[in-house]
Amino acid sequence: MTLLDDFMVRALLAGVGTAVACGALGCFVVWRRMAYFGDATAHAAILGVALALMFSVSIPVGVLAVALAMGFLIGAVSGQTIAPDSMLGVLSHSALALGLVAVSLMPSARIDLDAYLFGDILVVSRMDLLVIWGGAILVCGVLAWRWQALLAEILSTDLAHAAGLSPRLDRVILSVLIATVVAVSIKVVGALLITSMLIIPAAAARLIARGPEAMAAYATAIGAVAAIAGLHGARAFGTPAGPSVICAAAGLFCVSFVVGRLRGS
Amino acid sequence: MSLISAENLEVRHGATRAVFGVSMAIEPKEIVTIVGPNGSGKSTLLRALIGAVHPAAGTITRAPKLRVGYVPQKLQIDPTLPLTVRRFLNLPKRVSSAVARAALARTGVEALEGRQLSGLSGGQLQRVLLARAILNDPQLLVLDEATQGLDQPASADFYRLIETLRDELGCAVLMVSHELHVVMSATDRVICMNGHICCEGTPAVVTAAPAYRDLFGTGTGGALALYRHRHDHDHGACNDPDHRHTHDHEEPATV
């Protein structure tokens, strides 16, 4: 395992793993308009980091737990008198603020806040790789299993009911998967930009894809290229990992936009 | 034996009773139309029958292994989801190309197979939805306000297509409509609803029933007569060339 001794190799594997976890799931975030939901879940991650340190559990476990709690909280309060986007705004920003306050109360030596907000590639351990790839495989596996049902439910929940599917269960599954992606992506992209890793590759893929499967595949590929390019850039220019990766993804979105336009005309 | 039956069905939306005291049954090969004013619980009844909402009281009995083909009122066609007609027919179960083509041919839209769902007109989409619903050779075809957004001639064509499908596939049809004047001629039995079943029977019986006239007034009787008149004559009777031109464009069957 000498290859894994190189921190850059580990960082790149982590980046590609994050892209794999985000690619297909990001398509559902775009199709089902869950961007705000993703934001709220991701922003809750900082609170998860603080709680994990407080109770001495591993960080992905703490993040996953809080992200899951956020997902279910959103499910419980949605459909009330406040519009869903406002409600998600309340939860999203409250979670972020609460997380930042909680972190500031910790002894300062114990936490590098920037690393969790913007990603950190210098300290990707083998354990991190295991968590990221384990999460990516889990997310993709579940999506493959529920793929047909999830697509049918986007089009019409009544149609899905008539076919004997249970849209409610699949909504819960999607929330759990998003929480999982937040937990595994925080290392590379950081809490602030996790949603963009879900949305930008998927949106870029939409411009060139004609089918849902192709869109998921393109999104994964675009995410992977963005991760590799962004991490190299971060190393070369000493810029933070997450923003660098997202800048690369944004660049690919522009390319895809132009390609889509040229093809369309 | 009935394909599906409801006994004393009650469905609630929160505190309000949307449907109550409904007992009904659908027999093989009959076409049943549920009519009623807005908010009369027609769609709710349909959704309870297909299992999308749970009844607060009463029972629903289905024939063993009943195959239901469902045509939803509308599809959430998000332009962010790239989906061809062919791929759509694979949801939620994959079907062979031969089966998909045969279904599209039956509803007159075989030419649309490779088109994106988001680029279809209302009439084209309805026929694609209908094609999807007959893929599993249903014993019962259920349609919820299937002609919303279609103009009257297009709706009439659509209902004629339903009748043809019933004859060819031998399925029963249960549909909800507010366009009673258009749908009446193509139906065996009408159930008139306003929370509960006000009256039911053949179109002639229902339109003459006092309960029906209370709900819809007598004006619709005139519309029905008008429609029957038009139905007796072919569409070719319309000789205005401009009108025919647009008409042909809107008609999915001619694509």
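Some observations on this one:
- Filtered residues of segment A:60-70 (kept if crowded, with 20+ Cβ neighbours inside 10 Å and free of Cβ contacts under 8 Å to residues at least 40 places away in the same chain): A:Gly62, A:Val66
- Contact annotation: residue pairs with Cβ atoms under 8 Å, 6 or more positions apart or on different chains, pairing a residue in segment B:38-56 that is more than 11 Å from A:His161 (Cβ to Cβ) with a partner that is assigned to a loop (DSSP other than H, G, I, E, B) and small (Gly, Ala, Ser), are B:Ser40/B:Gly195; B:Gly41/B:Gly195; B:Lys42/B:Gly36.
- Qualifying residues in segment A:217-236 (those that are under 17 Å from the mean Cα position of the chain (by Cα) and open to solvent by 10 Å² or more (accessible area, probe 1.4 Å)) - the one nearest to the other protein chains (Cβ to nearest Cβ): A:Tyr218
- Among the residues of segment B:159-186, the ones that are more than 19 Å from B:Gln126 (Cα to Cα) and in contact with a strand residue (DSSP E or B) (Cβ under 6 Å, 6 or more places away or on another chain) come to 0 in all.
- Residue selected from segment A:94-138 under the condition open to solvent by 90 Å² or more (accessible area, probe 1.4 Å) and closer than 20 Å to A:Ala241 by Cα, by the criterion modelled with the highest pLDDT: A:Leu130
- When residues of segment A:133-156 are limited to those that are of a type outside the set (A, V, I, L, M, F, W, C) and facing chain B (nearest Cβ under 7 Å), the one nearest to A:Thr180 (Cα to Cα): A:Gln148
- When we screen A:Gly141, A:Gly164 for residues that are assigned to a loop (DSSP other than H, G, I, E, B), of a type in the set (Gly, Ala, Ser) and either open to solvent by 70 Å² or more (accessible area, probe 1.4 Å) or free of Cβ contacts under 8 Å to residues at least 60 places away in the same chain (or both), the only hit is A:Gly164.
- The lone exception for A:Thr239 - which of (1) in a loop (DSSP other than H, G, I, E, B); (2) under 28 Å from A:Ala144 (Cα atoms) it fails: (2)
- Applying the criterion of being more than 21 Å from B:Gly170 (Cβ to Cβ) and within 13 Å of the chain's Cα centre (by Cα) to the residues of segment B:48-78, the residue that is most open to solvent (accessible area, probe 1.4 Å) is B:Lys74.
- Taking segment B:47-96 as the range and being over 25 Å from B:Phe158 (Cβ atoms), in a loop (DSSP other than H, G, I, E, B) and more than 11 Å from every other protein chain (Cβ to nearest Cβ) as the test, the residues that pass are B:Pro55, B:Ala56, B:Ala63, B:Pro64, B:Lys65, B:Ser96.
- Enumeration of residues in segment A:9-46 that are under 22 Å from A:Ala217 (Cα atoms) and open to solvent by 10 Å² or more (accessible area, probe 1.4 Å): A:Leu12, A:Leu13, A:Val16, A:Val20, A:Ala24, A:Val30, A:Arg32, A:Arg33, A:Met34, A:Ala35
- Close contacts from segment B:142-161, counting a first residue that is within 14 Å of chain A (Cβ to nearest Cβ) and within 17 Å of B:Pro72 (Cα to Cα) and a second that is open to solvent by 10 Å² or more (accessible area, probe 1.4 Å) and part of a loop (DSSP other than H, G, I, E, B), with Cβ to Cβ under 6 Å and a gap of 6+ residues or different chains, come to B:Asp144/B:Gln73; B:Glu145/B:Gln73.
- Considering (1) among the polar types (S, T, N, Q); (2) exposed (fewer than 15 other Cβ atoms within 10 Å of the Cβ); (3) in contact (Cβ under 8 Å) with a residue 40 or more places away in the chain; (4) in contact with a Lys or Arg (Cβ under 9 Å, 6 or more places away or on another chain), the lone condition that B:Ser118 does not fulfil carries the number (4).
- When the residues of segment B:1-42 are filtered to those that are open to solvent by 10 Å² or more (accessible area, probe 1.4 Å) and of a type in the set (Ser, Thr, Tyr), the one that is farthest from the chain's Cα centre (by Cα) is B:Thr16.
- Residue in segment B:90-110 that is hydroxyl-bearing (Ser, Thr, Tyr), in contact with a Leu (Cβ under 8 Å, 6 or more places away or on another chain) and either closer than 18 Å to B:Pro138 by Cβ or in contact (Cβ under 8 Å) with a residue 60 or more places away in the chain (or both) present: yes
The values are calculated or read from the model by the stated rules, or taken from the named source; none is laboratory data. Note that the structure is a prediction, hence the values are computed from the model and not measured. Counting neighbours? That spans all protein chains shown, and the Cβs are built from the backbone with ideal geometry, glycine included. SASA here: full protein model, heavy atoms, side chains in, ligands and nucleic acids out. Shrake-Rupley method; radii C 1.70, N 1.55, O 1.52, S 1.80 Å.
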